[in-house]
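What follows draws every value from the coordinates through simple rules; no lab data is involved. As the structure is a computational prediction, the values presented were derived from the model and not from experiment. Because the Cβ atoms are built from the backbone with ideal geometry, glycine has one as well, and the counts that use them run over all protein chains shown.
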Amino acid sequence: MLQQIFSLSFMTAFLAAAVRLAVPLMYGGIGETIAEKSGILNIGMEGVMLSGAFFSFAGAWYSGNLFVGLLCGMAGGLVVSLLHGLLSITLIQNQSVSGLAINMLMLGVTSFLFKLMSNGQGYQQIETFPNIAIPGLSKIPLIGDAFFNCDFLTYILYVLLILTWVFYKKTNLGLSFMAVGEHPRAAESAGIQVKKYRWIVMVFNGILGGIGGAYLVLVQLGVFTENMISGRGYIALATVILGRYTPFGMFGAALLFGAANALQIRLQTIGVSISPFLLAILPYALTLIAMLGAAGKNSEPEALSKPYVKGSR
């Protein structure tokens, strides 16, 4: 059994599955990283991703075009994120309560719309985006198939991670967005429009979270089911914390969760004599352990989730 687990073929398939399962978390995580660096906590990422998943499926189903589905998923995520922005930025409501309410709202809305959409049509399946192998790199043992034989959304994610890191580390504009999340009153005094910047990050939060949900439909499964996000939005929030609010840190944390999820699937596949219910909790247990390990190492933005009123003290 151990020889089978540590074989090259097992490890190659395991790593490929880990990356594939981590990509939705990375999209949600990078969207949440951008929002939290400017002081907005969007616990509603679960609802953002669920909206992206449903509307990507609906768009692809009715249009017959996956790219139309992707645009619909991005728009679905954007609308939900902007709703959170309206409540937390304009109406200055509690960001945590707003996010939780949005999650419950979108669970009901998407379930209702899906029942209307599927009425009398039975099981609905759409095509998915194919993998695109990068010549040469995809043949590298162990890592080639995992990182360089992927769909185009995964390759776009690699670019986004690099661009986000460069934006915050190497540009003055990135520093301005970070200042909004650290000391909004000081930023306002320096001429930075705090609310405008926060609305901008909510746009990116919604679009990227929508892509994360759409990925499940348009790349992994080809179907939509009720509550299919199943906690991935909350895990995306955890990856931001574990990753210390940095793009590459979040990438590593998401990959850890993807690996845990892939491991429990692969162990069940080869018939390991452990209860499947115990294996199913493995990803969440490892995430919890990692969160406990990060306790006391607080690096969150100073003004995260704190309401800002211009001119107040």
Open item on the list: Run the simple label-point estimate for Ser9 and Lys196 please: 7 Å along Cα→C-beta, distance reported in nm.
Closed with: 6.0
TODO: Name the residues whose placed amide hydrogens come within less than 5 Å of the amide hydrogen of Cys150, ignoring near sequence neighbours (fewer than 5 apart) on the same chain.
DONE: Ile132, Ile134
Open item on the list: Using only the alpha carbons of region 211-273, what is the convex hull's orientation-averaged projected area in square nanometres?
Closed with: 5.4
Open item on the list: With volume of the Cα convex hull per residue in Å³ as the read-out, I listed (1) 142; (2) 338; (3) 244; which label goes with the value calculated from this structure?
Closed with: (1)
Open item on the list: On a straight-distance basis, which lysines could pair with Lys37 in a cross-link, Cα separation under 23 angstrom, same-chain partners fewer than 8 positions away excluded?
Closed with: Lys169, Lys170, Lys195, Lys196, Lys297, Lys306, Lys310
Task: Net lengthening on full extension, Val159/Leu107 (0.36 nm per residue, minus Cα-Cα) - done: 15.6 nm
TODO: Mind checking the full-extension length gain between Leu116 and Gln268? Use 0.36 nm per residue of separation minus the Cα-Cα distance, one decimal, nm.
DONE: 51.2 nm
Task: Candidates Leu21, Leu70, Leu100: whichever shows maximal mean-square fluctuation once the chain is modelled as a Gaussian network with Cα springs under 10 Å - done: Leu100
Open item on the list: Can you report the principal axis dimensions of region 1-88 using only the alpha carbons, biggest first, rounded to whole angstrom?
Closed with: 55, 38, 16
Open item on the list: Just to confirm the number: angle between the C-alpha axis of helix 45-63 and the first principal axis of the chain, 0 to 90 degrees, nearest 10?
Closed with: 60
Open item on the list: Over region 166-313, what is the relative contact order in percent, taking alpha-carbon pairs closer than 8 angstrom and at least six residues apart?
Closed with: 25
